[in-house]
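This report refers to the structure that appears directly beneath it.
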Ligand code: HGY
Ligand code: MN
Ligand code: MN
């Protein structure tokens, strides 16, 4: 049984969606629950509806579209999902590829008249990025009971609006309850967002799991004073404590070595004036490691250093956890079927963990879940120059189709079934 993926149709949709929130020099900014996200949701949901799929949306705006199985049933679908929200310097492929590839697989099944034993669905989840509202993987985490709905609705974004207010602002709150989407299996196609596949000249990443993620925001309070008249020994400089924490984060990554990574993505001083010693400083630190034990060690060292730096400067310090996810392993059998499928299609592949967080990690504790990576040019992502070539995308979608149809149990195309029935009737 083979279906024909229409890569041109898929690329056209990627570029059309990419225009929503499009940035002047390429890429797009479609922050979760923004007006741009509203427009993106409308476009993609319109494509779901145009295929006659059964579209659902839940209380935090997760949206999925189901193609019933050959008996018209829609329970426990095989789900292909990802996200259509982006970071502020977003590319066209992070998340968007996985959603539109899922749509393409379903449309190719319809074109080929192939029905399946299990229902098949495509989904996009609210606020996977965590750029505006923390934590990331918020919608899928709520959908799978990994994150608390009330807590997430109350999460206040970097612009001061809560998730609940933002959902209402773009009318994205659906009526399905948490847990309404119960996949029999979950498969996500995603760009690698790192340099490995390109460096090793490979077509496919067979993703074994997702590394642990720890996001913290530190708020340091010191004392504003005159930059010129205040002797150094008298200062309580919140800014220098923040800088010390940032340097410690980098030192941890350097001393622990790969796969430990550390990022200070946000840092702000108040009153943020050239001649005033900062009275307040805020910064975020993103720590990740494939080992939970090592990630905990990195956290312990950073948090202790932060306290010591604040004390030495006569400042107070507060830490808020913005996200904390332990490493996740995907289903070994489903991972094997991805590897097997790649080999059967003649694609060069390797097993690898994911450095980035993904919606798939929220499904992994609840149903067989796996991911497929395609290469990222120069390993760049969360950058407007993010790029994956159409022929590389075509391989990823072909493998997604193969794995998903195997999971969904392909039925013979209708005309073959009718012929078989007709022969049965005459013999
Ligand atoms: O932060 C991440 O890994 C993902 O992009 N949300
Ligand atoms: Mn992503
Ligand atoms: Mn991302």
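Going by C-beta contacts inside 10 Å, put 43, 197 in order with the fewest on the left.
43, 197
Evaluate the Debye formula for segment 206-293 with equal point scatterers sitting on the alpha carbons, no solvent, and hand back log10 of I(q)/I(0) at q = 0.14 Å⁻¹, in q order, two decimals.
Computed log10 I(q)/I(0) values: -0.58.
Give me D for segment 114-162 in µm² s⁻¹, whole number, from Stokes-Einstein with Rh from the Kirkwood sum over alpha-carbon pairs, 37 °C and 0.692 mPa s.
The calculation lands on 271 µm²/s.
Just round it to a whole percent: the fraction of Cα-Cα distances in segment 72-185 exceeding 20 Å.
When every Cα pair of segment 72-185 is considered, 47 percent fall beyond 20 Å.
Helix 35-50 versus the longest principal axis of the chain: what is the Cα-based angle in degrees, 0 to 90, to the nearest 10?
Relative to the chain, helix 35-50 is tipped by roughly 10 degrees.
Tell me the mean residue ellipticity at 222 nm calculated for the chain from its helices only (DSSP H runs of n ≥ 4, each -39500 (n - 2.57), averaged over every residue, nearest 500).
Taking each H run of at least 4 residues, the total per residue is -11500 deg cm²/dmol.
Below 8 Å, C-alpha to C-alpha, sequence gap of six or more: please give me the relative contact order for segment 212-325 in percent.
45 percent
Want the number for residue 196 to residue 182: 0.36 nm per residue separation, take away the alpha-carbon distance, what's left?
Roughly 1.7 nm would be gained on extension.
Once both axes come from the Cα atoms, what is the angle between helix 96-112 and the longest principal axis of the chain, in degrees from 0 to 90, rounded to 10?
The answer is roughly 0 degrees.
Rank these for me by crowding, 73, 56, going from fewest to most other beta carbons within 10 Å.
So the residues, fewest neighbours to most, are 73, 56.
What residue among 258, 208, 45 has the largest mean-square fluctuation in a Gaussian network model of the chain, using Cα springs under 10 Å?
Greatest mean-square fluctuation among the candidates belongs to 258.
Where a ≥ b ≥ c are the square roots of the eigenvalues of the C-alpha gyration tensor, would you call segment 225-375 rounded, which needs a/c under 1.5, or, failing that, prolate if a/b is larger than b/c, or oblate?
Prolate is the answer for segment 225-375, as a/c is 1.5 or above and a/b outweighs b/c.
Run the numbers for residue 321 and residue 75: contour at 0.36 nm per residue of separation, minus the present Cα-Cα distance, in nm.
84.9 nm
Under 11 Å from the 7 Å Cα→Cβ point of residue 175, by amide nitrogen: which residues of segment 43-67?
57
How far is helix 414-426 tilted, in degrees, relative to the longest principal axis of the Cα atoms in the chain, given as a value from 0 to 90 rounded to the nearest 10?
Between helix and principal axis, roughly 30 degrees.
Given the Cα-Cα distance of residue 292 and residue 250 and 0.36 nm per residue of separation, how much length would full extension add, in nm?
My answer for the length gained is 13.2 nm.
Per q in 0.07 1/Å, what log10 I(q)/I(0) does a Debye calculation on the alpha-carbon atoms of the chain return?
Per q value, in the given order, log10 I(q)/I(0) is -0.37.
Can you compute the equivalent ellipsoid semi-axes for segment 156-266, i.e. the square root of 5 times each eigenvalue of the Cα gyration tensor, sorted largest first and rounded to whole Å?
Equivalent ellipsoid semi-axes, largest first: 40, 28, 12 Å.
Each reported figure results from applying straightforward, stated rules to the coordinates on display, with no laboratory input. Just so we're clear, the structure is a prediction, and the values are computed from it rather than from any experiment. Positions of Cβ are generated from backbone atoms using ideal geometry, with glycine treated the same way; all protein chains shown enter the neighbour counts.
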